[in-house]
Amino acid sequence: MAYSEKLLDHYEHPRNVGSMDKDAAEVGTGMVGAPACGDVMKLQIKVGKDGVIEDAKFKTYGCGSAIASSSLVTEWVKGKTVDQALEIKNTQIAEELALPPVKIHCSILAEDAIKAAVADYKSKHGAVVETLACGENCKE
Amino acid sequence: MMQLASFDFQHNHFQLFGLAQSYQIDTAQLDQQYRALQALVHPDKSAHLPDAEQRLAMQRATLVNEAYQTLRSPLRRARYLLSLHGVDTQEETNTVMPLDFLMAQMEWREAVSEARQARDEAALAQLETRLQRETRELEAQLAVKIDAEKDYAAAAASVRKLRFMEKLAEEIHAAYDAIDN
């Protein structure tokens, strides 16, 4: 399978790998997983007082496309407000990296990771968040 | 003993092997029924028949094999059973897992990756033992959720968890291979 140069670049030189303090008030943490391939993705955002995302870090265990997708979105969310970050769509990620159809779920995972991180940040700041209410899925 | 004439493509996998439709099955009985059916539908037996008959024979043999592989695997059996109840396990689309589960997955993957880099087979063996134990626990939960409680939504969530466990087992095996080579 031929992968795009951008994808390979993000895979070979992933941006913003790392962790932030998940208990810090200005940090939002999103953890998501893709059962189909067993990929696990953690995306963290650090939000300034003006609501703008100052920094982002990720840690992903998965295939090259999952790593590239998370690396890309950490670059994209920086400088955006949390609400602007929510507008990032998986189709944009897939298009930018020219993901093959079988790897589209990696871009979905990255989009969901942003949503989860923003939801976590907002929940720390008292906003009512319904985007990622777990419902049945979190029931043990 | 089943006759070829009564072979029904409309039967589901459980009916095909004469098993009750439940998560918990008698695997010895499944193996036995499979061997009997396999002998019955083997395409060699139709080699002297017209093309259409031979094609049918091939389709029967394929279905028997597919059904056997599905029922033999706890994960695939659960997924199939849920599909019979109209429940999609959403393994492709559902990315929301319980947070503690995902955290634990992250730790598992880190531990496997560290053991692989340190070429530490003893650590891998420990991880594998723990993984097998937790996998069996999940399978036991599935039995309760599907057969006793008939809580198929909860069972679908357990299937998704099992997929992660399956991936972990693959990662551990890949780590063993990397150390051996």
>> Let me make sure I get this right: for the range B:4-72, a, b and c are the square roots of the gyration tensor eigenvalues over alpha carbons, sorted descending. Under 1.5 in a/c it's rounded, otherwise prolate if a/b > b/c, else oblate. Which is it?
In response: prolate
> Could you give P(r) for the range B:99-180, binned at 5 Å from zero, as whole percent values over all Cα-Cα pairs?
Replying inline: 3, 15, 23, 21, 15, 10, 7, 4, 2
>> Viscosity 1.002 mPa s, temperature 20 °C: give me the Stokes-Einstein translational D for the protein assembly as shown in µm²/s, with Rh taken as the Kirkwood radius over C-alpha pairs.
In response: 97
> Taking a probe of 1.4 angstrom, what is the accessible area of A:GLU26 in Å², to the nearest 10?
Replying inline: 80
> For chain B, which whole-number percentage of the solvent-accessible area (1.4 Å probe, protein heavy atoms only) is attributable to carbon and sulfur atoms?
Replying inline: 48
> Placing +1 at every Lys and Arg Cβ and -1 at every Asp and Glu Cβ, with all other atoms neutral, what dipole size does chain A have around its Cα centre, in debye to the nearest 20?
Replying inline: 140
> With the dipole of chain A worked out from charges on the C-beta (+1 for Lys and Arg, -1 for Asp and Glu) around the Cα centre, which of A:MET20, A:VAL47, A:VAL73 lies farthest toward the positive end?
Replying inline: A:MET20
> Among B:ARG35, B:ARG72, B:ARG60, what's the order by accessible area (1.4 angstrom probe), most exposed first?
Replying inline: B:ARG35, B:ARG72, B:ARG60
> Among B:ALA57, A:VAL118, B:GLN105, which residue has its Cα positioned farthest towards the positive end of the charge dipole of the protein assembly as shown, with +1 placed on the Cβ of Lys and Arg, -1 on the Cβ of Asp and Glu, and the dipole taken about the Cα centre?
Replying inline: B:ALA57
>> Nothing charged except the Cβ atoms of Lys and Arg (+1) and of Asp and Glu (-1): what's the magnitude of the dipole of chain B about its Cα centre? Round to the nearest 20 debye.
In response: 460
> Ignoring ligands and nucleic acids, what accessible area does A:PHE58 show with a 1.4 Å probe (Å², nearest 10)?
Replying inline: 10
>> Using a Förster radius of 56 Å, what is the FRET efficiency between A:LYS22 and B:ASP8 based on their Cβ-Cβ separation? Nearest 0.05, please.
In response: 0.50
>> Stokes-Einstein diffusion coefficient for chain B at 4 °C in a medium of 1.567 mPa s, Rh from the Kirkwood formula over Cα pairs: what value in µm²/s?
In response: 69
> How much net charge surrounds B:ARG109 when only the other residues with a Cβ under 13 Å from the Cβ of B:ARG109 are counted, with Lys and Arg +1 and Asp and Glu -1?
Replying inline: -2
>> Just checking the output field for A:36-45: average partner chain Cβ neighbours within 10 Å of each residue's Cβ?
In response: 5
>> Working only with C-alpha atoms, what are the Rg and Dmax values of chain A, expressed in angstrom?
In response: 14.4, 46
>> Please compare each pair in A:LYS42/A:LYS124; A:LYS6/A:LYS122; A:LYS57/B:LYS161; A:LYS89/B:LYS161; A:LYS46/A:LYS103; A:LYS6/A:LYS80 to a cut-off of 20 Å on the Cα-Cα distance and tell me which ones are over it.
In response: A:LYS6/A:LYS122; A:LYS57/B:LYS161; A:LYS89/B:LYS161; A:LYS46/A:LYS103; A:LYS6/A:LYS80
> Roughly what would the spin-label model give for B:TYR176 and B:LEU40, points 7 Å off Cα along C-beta, in nm?
Replying inline: 3.7
>> Over chain B, what is the relative contact order in percent, taking alpha-carbon pairs closer than 8 angstrom and at least six residues apart?
In response: 23
> Rounded to the nearest 10 Å², what accessible area does B:ASP26 show when all protein chains are kept and the probe is 1.4 Å?
Replying inline: 80
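The values are calculated or read from the model by the stated rules, or taken from the named source; none is laboratory data. All figures in this text were calculated on a predicted structure; none of them were measured in a lab. We place every Cβ from the backbone using ideal geometry, glycine too, and count neighbours over all the protein chains shown. The protein model used for the area step is the full one, side chains on, heavy atoms only, and it has no ligands, DNA or RNA in it. Shrake-Rupley method; radii C 1.70, N 1.55, O 1.52, S 1.80 Å.
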